[in-house]
Amino acid sequence: MILVTGATGVNGRALLNRLSANGVATRALVRNPAKAEALAALPHVEIAQGDMARPETLATALRDIDRAMLISSSDPMMLDAQSNFIAAAAKAGVRHVVKLSGIMPELDSAFRFARMHGEIEKRLEASGMAFTHLRAGEFMTAYFRQAPSIAAKGAMFLPMEDARIASIDVGDIAEIAASVLTGSGHEARPIPHRAAGPDHDGGSGKAFCRYGKTIRYVNVPPEAARQAQLANGIPPYLADALFELFAERRAGKEATVWPNAEELLGRAPTSFDEFAARNAAVFRGDVPPPKV
């Protein structure tokens, strides 16, 4: 059986839907089962209550688990929570853990979550379990946060200067993760994603236009972006982390287009234009953006 952590998040839900559709017996780790009713209704999915911040709650969820998908929120507790899970999984006899990691898991990175991902990868590698690092960069769903300004002003405002960025669709990551979890040959291997393609260029002045409207990209100073995030209610810790992240992106750390995802999918990954067209109603302001 496969265990999926972070089950109620965007990536966890997408993966569980994929595994369920494929008829794979899967267990979803959740802190609050009352918030997982939709997951509980999926065929072949069972719910297990547990909290990675409290490792003593994980033993039941890990019983009879052969493989696990390790996902958790990017927050101050990510390093401790994922390290707790790795230790508990090794103790429970889990054979293979697939970690959703960052595209630049460098221990000396200026970006705090990249440093955490790098340290977690090291701990997983030393655990004695087979491992796969599924390294993803920016998810296209991040642009849902720009939907209000796109709908109202026909523009998105980011501190990217003229840097390019390689983004990937959550559905593609879920499909890859499902393949890795149910297949073989991916153990002890880092897999960087292959992005949607080089058509997503922050400095070009055109982000996407496939739903009938060209969207302007407007560069903003990094500190101005940080202050706007704080004014919109983003916690200071996360605003500071985003400040660090965009500095890395301006330096080109997320611009590389890797071939791995295309190889694993057996097709071209979803392009940014396809993502925008699929979510045209959101970017027009016809429907509220999904929570990300």
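In table form, for the structure just shown:
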quantity: Residue with peak Gaussian network fluctuation, the chain [Cα springs, cutoff 10 Å], from Gly12, Gly183, Gly118; calculated: Gly183
quantity: Residue-level accessible surface for Arg216, protein heavy atoms, 1.4 Å, Å²; calculated: 120
quantity: Per-peptide average of other Cβ atoms within 10 Å, ordering 92-102, 25-35, 232-242 highest first; calculated: 92-102, 25-35, 232-242
quantity: Volume in Å³ per residue [convex hull over Cα atoms, computed for the stretch 1-119]; calculated: 97
quantity: Shape call, the stretch 239-292: gyration tensor on alpha carbons, a/c limit 1.5; calculated: oblate
quantity: Surface share of carbon and sulfur [accessible, 1.4 angstrom probe, percent] for the chain; calculated: 52
quantity: The chain - charge dipole about Cα centre, Lys and Arg +1 at Cβ, Asp and Glu -1, debye rounded to 20; calculated: 460
quantity: Total lysine pairs under 18 Å (Cα atoms) in the chain, excluding pairs fewer than 8 apart on one chain; calculated: 6
quantity: Cα gyration tensor, the stretch 31-183 - rounded (a/c under 1.5), prolate or oblate; calculated: prolate
quantity: Structure-based [θ]222 nm, the chain - -39500 (n - 2.57) summed over DSSP H runs of at least 4, per residue, nearest 500; calculated: -11000 deg cm²/dmol
quantity: Length gained when the stretch Gln49-Asn232 is fully extended (0.36 nm per residue, less Cα-Cα span); calculated: 62.6 nm
quantity: Accessible area of the chain divided out per residue, in Å², using a probe of 1.4 angstrom; calculated: 44
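The values are calculated or read from the model by the stated rules, or taken from the named source; none is laboratory data. Here the structure is a predicted model, which means the values were calculated and not measured. Backbone-built Cβ (ideal geometry, glycine too); neighbour counts: all protein chains shown. Protein only, heavy atoms only, side chains kept; ligands, DNA and RNA dropped before computing areas. Shrake-Rupley method; radii C 1.70, N 1.55, O 1.52, S 1.80 Å.
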